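Structure first, commentary second.
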Amino acid sequence: MGLKEKGLAVMTFGCQMNEYDSERIGGILSQEGFQLTENLEEAQVILLNTCSVREKAEQKFYSQLGRLAEVKRKSPSLIIGVGGCIAQREGERIFDRASHVDLVFGTQNLSRLPVLLRKVIETRAGVADVTREEKSEAPYLIQRESHVKAWVAIMQGCNNFCSYCVVPTTRGPQRSRSNRQIMEEIEGLIRENYKEVTLLGQNVNAYGQDLPEEINFAVLLSLVNGVKSIERIRFVTSHPKDLSDELIDAMATLPKVCEHLHLPVQCGSDKILNLMNRGYKAEEYQEKIGRLKALIPHIGLSTDLIVGFPGEEEEDFAATRELVKTIQYDSIYLFKYSPRPDTTAAVFSNPVPEKIKQERFQEILTLQKEIALRKNREIEGTVVDVLVEGRSKRDAEKLTGRTRSNKIVNFYGHQDMVGRLVKLEIVKGKLYSLEGRLLN
Ligand code: SAH
Ligand code: SF4
Ligand code: F3S
């Protein structure tokens, strides 16, 4: 390819799907002889996998890209590529904003990367391609970061068009992978000794609705549950409107499916849920949570919330606050509404002033901190199974892993425990993690 040494750095912004896509980029380009590196100075090619979900995510990317202009001035042969959701939306407009970018690729044409990169090297001109590749049964090439837990995409795209959200535009319509393709990827994980798999998609519980065969997400879960050496199954993200009783039953009965559900509610007011085009009412959501709690008593629950959506009045916000109090989530990903280009909500009237958004954000944050801390303290003294993922980033003396309910536990242990399930007593519940003690 005309590159003597082929160091490749991939910088990832955004969600787990982007993390997974970056692992695919690593897999595809390592077949072309590239060596992944985290050191930008060793890289001949730097690819930025971008996120467009909120304005802040975009700003983060553009300031990173700005810093790379200096790096490129020092070594002009460096190739800079931009992929992901901003690239998909902006296409070659990226070149106008940043002339040091050589390549723009999309969210749906990763397998064309080798061809596109070759073109950049041969022509030394900017190349932009954000077209969608044909659906293929070919296995994904993936260089995974973790050796313990693996992500497996079961679908791409989203059909929901929540009024605030860019994802259906940046990722395209929902395309489920065939269960054969998914199971092949998971079988491949067994050979490499993976213990945990997380099934990924923007709306996993709508899996199969776009396939000709009779299959749904609950059935897929039972297939994965049958894979021998996989010990734990997780999945993100689920949409409340597609959470069927069949799926709740599957979660309650399939032994490997972990007792955790991330179920974004977004807000507690029906008026706002309707404006968001979410397709459910707060009461229906609460009923489903009630069923989950009844059938899976120790279930860990998490959610996404947006405060300050256009038209959110004090009483709407109060409904959100009440919902948070009633449900008692283990964790919340809380966001201030951020208007996005090409979404229907971008032109909605009655924007909420920034000051009020900030106050509401702070109020939920404070409330949730109390709830999370209390819930984590409640499990002090209990014994949990933890899948050990590696050394703790904060304290290299300790190992870290997660409970089935998805709580992070740090504890003193031996390196050879990484990749294994261990029993721990919870000795301390903190805000975002637990401290454990190894039981023999
Ligand atoms: N498909 C997933 C992920 C969507 S993005 C899902 O439906 O959950 C993750 C979260 O970002 C969303 O759940 C939502 O809470 C938040 N989000 C999306 N667009 C946003 C916007 N314009 N402003 C603020 N938060 C947003
Ligand atoms: Fe966006 Fe809604 Fe699709 Fe999630 S379900 S990706 S929030 S449109
Ligand atoms: Fe961001 Fe795209 Fe994911 S907008 S959240 S990287 S699907």
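The values are calculated or read from the model by the stated rules, or taken from the named source; none is laboratory data. What you are looking at is a predicted structure, and each value in this text was computed from that prediction instead of being measured. As a convention, Cβ positions derive from the backbone with ideal geometry for all residues, glycine included, and neighbour counts pool all protein chains shown.
Tell me which residues, restricted to the range 101-126, are over 29 Å from the mean Cα position of the chain (by Cα) and either under 19 Å from THR12 (Cα atoms) or of a type in the set (Lys, Arg) (or both).
If the condition is that a residue be over 29 Å from the mean Cα position of the chain (by Cα) and either under 19 Å from THR12 (Cα atoms) or of a type in the set (Lys, Arg) (or both), then ARG118, LYS119, ARG124 are the ones that fit.
Yes/no per residue for (1) of a type in the set (Gly, Ala, Ser); (2) away from ligand 2 (no atom under 16 Å from the Cβ); (3) at pLDDT below 95:
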{"residue": "VAL127", "(1), (2), (3)": "no, yes, no"}
{"residue": "CYS162", "(1), (2), (3)": "no, no, no"}
{"residue": "ARG175", "(1), (2), (3)": "no, no, no"}
{"residue": "SER178", "(1), (2), (3)": "yes, yes, no"}
{"residue": "MET183", "(1), (2), (3)": "no, yes, no"}
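I'm trying to understand the selection: among the residues of the range 42-60, which are under 22 Å from ILE306 (Cα atoms) and near ligand 3 (Cβ under 10 Å from one of its atoms)?
THR50, CYS51, SER52, VAL53, ARG54, ALA57, GLU58, listed by residue number.
Of the conditions (1) in contact with a strand residue (DSSP E or B) (Cβ under 9 Å, 6 or more places away or on another chain); (2) more than 16 Å from ligand 2 (Cβ to nearest atom); (3) not acidic (Asp, Glu), GLY33 clears all except one; give me its number.
Only one criterion is unmet by GLY33, namely (1).
Can you tell me which of LEU292, LEU323 is out of contact with any Gly (no Cβ under 8 Å at 6 or more places or on another chain), closer than 26 Å to ARG404 by Cα and either modelled with pLDDT of 95 or more or assigned to a loop (DSSP other than H, G, I, E, B) (or both)?
LEU292
Residue-by-condition table, conditions (1) at pLDDT 95 or above; (2) more than 25 Å from ARG54 (Cα to Cα); (3) not polar (S, T, N, Q):
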| position | (1), (2), (3) |
| --- | --- |
| LYS241 | yes, no, yes |
| SER244 | yes, yes, no |
| ALA252 | yes, yes, yes |
| ASN277 | yes, no, no |
| GLU284 | yes, yes, yes |
| GLY300 | yes, yes, yes |
| ILE306 | yes, no, yes |
| ASP316 | yes, no, yes |
| ASP330 | yes, no, yes |
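Quick check on my filter: what residues within the range 140-159 are under 28 Å from SER349 (Cα atoms) and surrounded by fewer than 18 Cβ atoms within 10 Å (Cβ to Cβ)?
ASN159
Out of (1) surrounded by 15 or more Cβ atoms within 10 Å (Cβ to Cβ); (2) on the phi > 0 side of the Ramachandran plot, what's the single condition that is false for ALA87?
So ALA87 meets the others, but not (2).
Just need a number here: residues in the range 384-398 that are over 23 Å from the mean Cα position of the chain (by Cα) and under 17 Å from LEU439 (Cβ atoms).
Of the residues in the range 384-398, 3 are over 23 Å from the mean Cα position of the chain (by Cα) and under 17 Å from LEU439 (Cβ atoms).
Hey, could you check the range 354-402 for residues that are of a type outside the set (Val, Ile, Thr) and part of a strand (DSSP E or B) and say which is surrounded by the most Cβ atoms within 10 Å (Cβ to Cβ)?
This residue is GLY401.
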